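Student: Submitted below is the structure of interest, expressed as structure tokens.
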Amino acid sequence: MAGKVYLVGSGPGTLGLLSCRGAEVIRRADVILYDQLPGDEILGSLPETAERIDCGKYGSDHTKEQLEIERLIVEHARAGRIVVRLKGGDPFMFGRGGEELEAVRRAGIPVEVVPGITSAIAVPASVGIPLTHRRYTSQVTVVTGHEDPSKQESAINWAGLAPGTGTIVVLMGVKNLAQIADILILHGRDPATPVAVIERGLRRDQRVTVGPLDRIAVLSKERGVRPPAVIVIGGVVELYDPDHPILTPPEGSTNLL
Ligand code: SAH
């Protein structure tokens, strides 16, 4: 008899923000296939009764890696096991969770998706940046900064995003921050628009860098900003107040696992 697959979002990386349902299925799992993004606190608490498989280890060929992960999920479930595929944030916010769902469905295996709190929302929230606010904007867009925006047929409509005041949240954007800022300014975003780069959100060593759109890339470089980081572009960043910091408990909160 086939087992079952749970596609579980870990939340932004602290046990306190993993969902109760997520913790429940993790406790019952026979096999847990995990990425590194959930972070040490969650990965260090995974039950030893489960076989734990690090999916970050299949080398630098990401397509092969992805197919191998999908193959493993299906293979373990076909052997009758309860398989948890644990991904950072929400399983369907980038990170190829949708492809894994398709693979499991193609194999005819029962599947449940356990949503997670995406870093796109949780990381800004935890430092006191609301993504919408009546005084600033009623629109928010989440994009990947993974591909160089200056390259021709970009999958993202930067020219459409640039005008106006809508908040732009960029995941995977550290490497291309300079090009992203340039293209937004080129297409009409105010160069003085405040930007926050939040590294390692909700971890003990979290760090926030704030600056105007036309200077944020230089500032980030000076400070040696590294992934993972969430970048927030928009007037709402004015609400960031380093004198009244952290509203959400970082690592070290409740453990349901
Ligand atoms: N599915 C995930 C996103 C996967 S893409 C989610 O919903 O959060 C990976 C990117 O997410 C990273 O490059 C970074 O931009 C962001 N990210 C995830 N967790 C983060 C954290 N704790 N702090 C800062 N950025 C984070």
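Student: Pick from segment 76-112 the residues that are closer than 13 Å to ASP35 by Cα and basic (Lys, Arg): which of them is farthest from the chain's Cα centre (by Cα)?
Tutor: Only one residue fits best here, namely ARG85.
Student: Let me ask something else about it. Would you confirm whether or not segment 48-64 contains a residue that is within 21 Å of the chain's Cα centre (by Cα), buried (at least 21 other Cβ atoms within 10 Å of the Cβ) and more than 22 Å from LEU202 (Cβ to Cβ)?
Tutor: Taking every residue of segment 48-64 in turn, none turns out to be within 21 Å of the chain's Cα centre (by Cα), buried (at least 21 other Cβ atoms within 10 Å of the Cβ) and more than 22 Å from LEU202 (Cβ to Cβ).
Student: What residue, of VAL104, VAL74, VAL143, is within 16 Å of the ligand (Cβ to nearest atom) and surrounded by 17 or more Cβ atoms within 10 Å (Cβ to Cβ)?
Tutor: Working: VAL104 fails: within 16 Å of the ligand (Cβ to nearest atom); VAL74 fails: within 16 Å of the ligand (Cβ to nearest atom).
Testing whether each residue is within 16 Å of the ligand (Cβ to nearest atom) and surrounded by 17 or more Cβ atoms within 10 Å (Cβ to Cβ) leaves just VAL143.
Student: Please go through segment 146-168 and pick out each residue that is of a type in the set (Gly, Ala, Ser) and either more than 16 Å from the ligand (Cβ to nearest atom) or touching a residue at least 12 places away in the same chain (Cβ under 8 Å) (or both).
Tutor: Passing the criteria: SER150, SER154, ALA159, GLY160, ALA162, GLY164, GLY166.
Student: While we're on this one: Return the total of residues in segment 1-15 being within 17 Å of PHE92 (Cβ to Cβ) and away from the ligand (no atom under 16 Å from the Cβ).
Tutor: Final tally of qualifying residues: 1.
Student: A follow-up question, please. Is it the case that some residue within segment 75-90 is assigned to a loop (DSSP other than H, G, I, E, B), among the small types (Gly, Ala, Ser) and assigned by TED's automatic domain parsing to the domain that holds LEU177?
Tutor: For segment 75-90, residues assigned to a loop (DSSP other than H, G, I, E, B), among the small types (Gly, Ala, Ser) and assigned by TED's automatic domain parsing to the domain that holds LEU177: absent.
Student: Being within 16 Å of the ligand (Cβ to nearest atom), in the same structural domain as GLY95 (by TED's automatic domain parsing), closer than 21 Å to HIS146 by Cβ and crowded, with 16+ Cβ neighbours inside 10 Å narrows it down to one of LEU18, LEU43, LEU37, LEU33, so name that one.
Tutor: Just a single option satisfies the conditions, and that option is LEU37.
Student: Which members of segment 110-140 meet the condition of being more than 16 Å from the ligand (Cβ to nearest atom) and assigned by TED's automatic domain parsing to the domain that holds GLY9?
Tutor: Residues satisfying the conditions are PRO110, VAL111, GLU112.
Student: Are any residues in segment 182-201 hydrophobic (A, V, I, L, M, F, W, C) and closer than 27 Å to GLY39 by Cβ, and if so, which ones?
Tutor: First, pick out the residues of segment 182-201 that are hydrophobic (A, V, I, L, M, F, W, C): 183-186, 192, 195-198.
Scanning segment 182-201 gives VAL195, ALA196, VAL197, ILE198.
Student: What single numbered condition from (1) under 16 Å from the mean Cα position of the chain (by Cα); (2) closer than 30 Å to ARG204 by Cβ; (3) assigned to a helix (DSSP H, G or I) fails to hold for ARG27?
Tutor: Going through the list (1) under 16 Å from the mean Cα position of the chain (by Cα); (2) closer than 30 Å to ARG204 by Cβ; (3) assigned to a helix (DSSP H, G or I), ARG27 breaks only (1).
Student: Of everything in segment 189-222, what is within 16 Å of the ligand (Cβ to nearest atom) and assigned to a strand (DSSP E or B)? Give them in sequence order.
Tutor: VAL195, ALA196, VAL197, ILE198, GLU199, ARG207, VAL208, THR209, VAL210
The values are calculated or read from the model by the stated rules, or taken from the named source; none is laboratory data. Bear in mind that the values here come from a model prediction, so they are computed numbers and not experimental data. A quick note on method: Cβ atoms are made from the backbone with ideal geometry, for glycine too, and the neighbour counts reach across all protein chains shown.
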